[in-house]
Amino acid sequence: MVIFFGFFVSYFAFTFAFLMFCGEKEHKYTLLGRCFLQIFRTFAPSMKNMKEITIQSIAEDQNIDVGYSDDDIVIIDNVKTLMQTSLAMVNMNLITVGIAGKAQGVMNGRMVEIHKNQVVICPPNVSLCDFMMSPDFEFKAMFLTNRILQSFLREKMSVWNEVMYIHKMNVLTMDWQDVEFYSHFYDMLKLCIDYGKDDPYHTDIIYSLLRGAFLGVCGRLKKLVPQTDTSQGGTAGTSLFQRFLDLLNSGEMKHRSVNSYADELFVTPKYLSAVCKKHSGKTANEWITEHVVEDIRYYLQQTDLSIKQVCNQLGFANPSFFGKYVKEHFGMTPMQIRRNM
């Protein structure tokens with residue numbers, strides 16, 4: 001079997017790619033893998049002993065080969081170390097690319113498989129268990145926080161949320177055009193990562209390339225998402241959650257109460273939060289806060305608007321309240337955020 005590949009390590013949501021050519025071979029799950037699964041079912045730890053996977057825990061693990069890391073992104077080559085955990089909770093976005101072989105596991109109670117040329121995406125706060133893999137299984141992964149993902153996508157975040165939380169399209173298969181295009185893209189990205197580390201704009205260059213890649217991904221996703229009539233398709237709860245996300249992403253003045261959003265959607269605040277929690281694991285208020293915080297960061301660091309203008313644009317009553325909100329969520333003043341850009 002002849003193998004040659006050029007892969008790119010998970011920098012582009014679920015369309016990272018790699019060049020690999022190999023002869024066809026049927027890979028069977030090994031007896032060892034089945035024994036591992038049976039052992040897990042017999043001696044699985046309780047939920048309180050579940051291992052939480054965070055940016056910090058990955059960066060500090062000496063057994064993991066980290067290709068790139070900062071406060072919001074970690075790229076790793078040796079994912080098998082993580083897979084040895086029987087039960088894990090991922091508190092950030094996890095994107096994996098199948099390189100060879102195949103594996104399966106349970107994600108939030110749903111069986112998921114990954115094969116060569118496939119991408120699996122796990123949104124934050126997802127539990128993973130019942131891992132089983134073929135002996136030749138290989139894959140690469142990227143972990144990234146919601147903060148940086150929102151920074152990359154901005155208003156296009158609604159496409160990502162719809163795919164992840166409404167349609168639950170967690171597994172995608174890349175075609176040869178995806179592989180070829182993103183392989184060339186990764187070549188340039190890897191050069192930026194490996195060289196010019198002393199450049200004062202090193203991180204900015206990397207992030208600019210990643211933003212372009214993620215926007216390309218969202219464009220492709222938008223074509224894959226089925227166009228349905230929200231008044232008829234799906235359950236009432238799914239329709240409400242989608243309308244809430246659309247409302248949240250379409251308005252500039254996001255700093256509003258749950259009551260305000262609920263009134264506009266003609267439901268009670270309690271029901272809106274319950275629906276959000278059911279579909280995403282986050283309450284309506286958590287969704288609102290997440291978007292407001294990222295908008296604050298964006299307007300203070302990426303625009304020339306005065307602090308008072310940012311305050312008014314985001315819907316805060318006055319600069320004093322705005323300053324307290326920023327201090328609470330960032331640990332610094334609006335001016336300090338602007339100076340630290």
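Tabulated values for the structure
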{"read-out": "Considering residues of segment 171-184 that are at pLDDT 80 or above and buried (at least 18 other Cβ atoms within 10 Å of the Cβ) only, the residue farthest from ASN108 (Cα to Cα)", "value": "ASP178"}
{"read-out": "LEU209 vs. criteria in a helix (DSSP H, G or I) and at pLDDT 85 or above", "value": "yes"}
{"read-out": "Residues (in contact (Cβ under 8 Å) with a residue 60 or more places away in the chain and in a strand (DSSP E or B)) located in segment 142-182", "value": "MET142, PHE143, LEU144, LEU172"}
{"read-out": "Any chance ARG220 is under 23 Å from the mean Cα position of the chain (by Cα), open to solvent by 80 Å² or more (accessible area, probe 1.4 Å) and at pLDDT 75 or above", "value": "no"}
{"read-out": "Every residue from segment 108-124 that is among the polar types (S, T, N, Q) and open to solvent by less than 70 Å² (accessible area, probe 1.4 Å)", "value": "ASN117, GLN118"}
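This table checks each residue for (1) within 30 Å of MET89 (Cβ to Cβ); (2) open to solvent by less than 20 Å² (accessible area, probe 1.4 Å); (3) modelled with pLDDT of 90 or more; (4) not β-branched (Val, Ile, Thr).
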{"residue": "GLU252", "(1), (2), (3), (4)": "no, no, no, yes"}
{"residue": "VAL267", "(1), (2), (3), (4)": "yes, no, yes, no"}
{"residue": "THR283", "(1), (2), (3), (4)": "yes, no, yes, no"}
{"residue": "ILE288", "(1), (2), (3), (4)": "yes, yes, yes, no"}
{"residue": "GLU294", "(1), (2), (3), (4)": "yes, yes, no, yes"}
{"residue": "ARG297", "(1), (2), (3), (4)": "yes, no, no, yes"}
{"residue": "GLN301", "(1), (2), (3), (4)": "no, no, no, yes"}
{"residue": "ILE307", "(1), (2), (3), (4)": "no, no, yes, no"}
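Quick grid of which residues meet (1) assigned to a helix (DSSP H, G or I); (2) out of contact with any Ser or Thr (no Cβ under 7 Å at 6 or more places or on another chain):
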residue: ARG243; (1), (2): yes, no
residue: LYS254; (1), (2): no, yes
residue: TYR271; (1), (2): yes, yes
residue: VAL275; (1), (2): yes, yes
residue: LYS282; (1), (2): no, yes
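The values are calculated or read from the model by the stated rules, or taken from the named source; none is laboratory data. It should be emphasised that the depicted structure is a prediction, and the values quoted were computed from it without experimental measurement. Please note: Cβ atoms are built from the backbone with ideal geometry, for glycine as well, and neighbour counts cover all protein chains shown. Side chains are part of the model used for accessible areas, which takes the heavy atoms of the whole protein and leaves out ligands, DNA and RNA. Shrake-Rupley method; radii C 1.70, N 1.55, O 1.52, S 1.80 Å.
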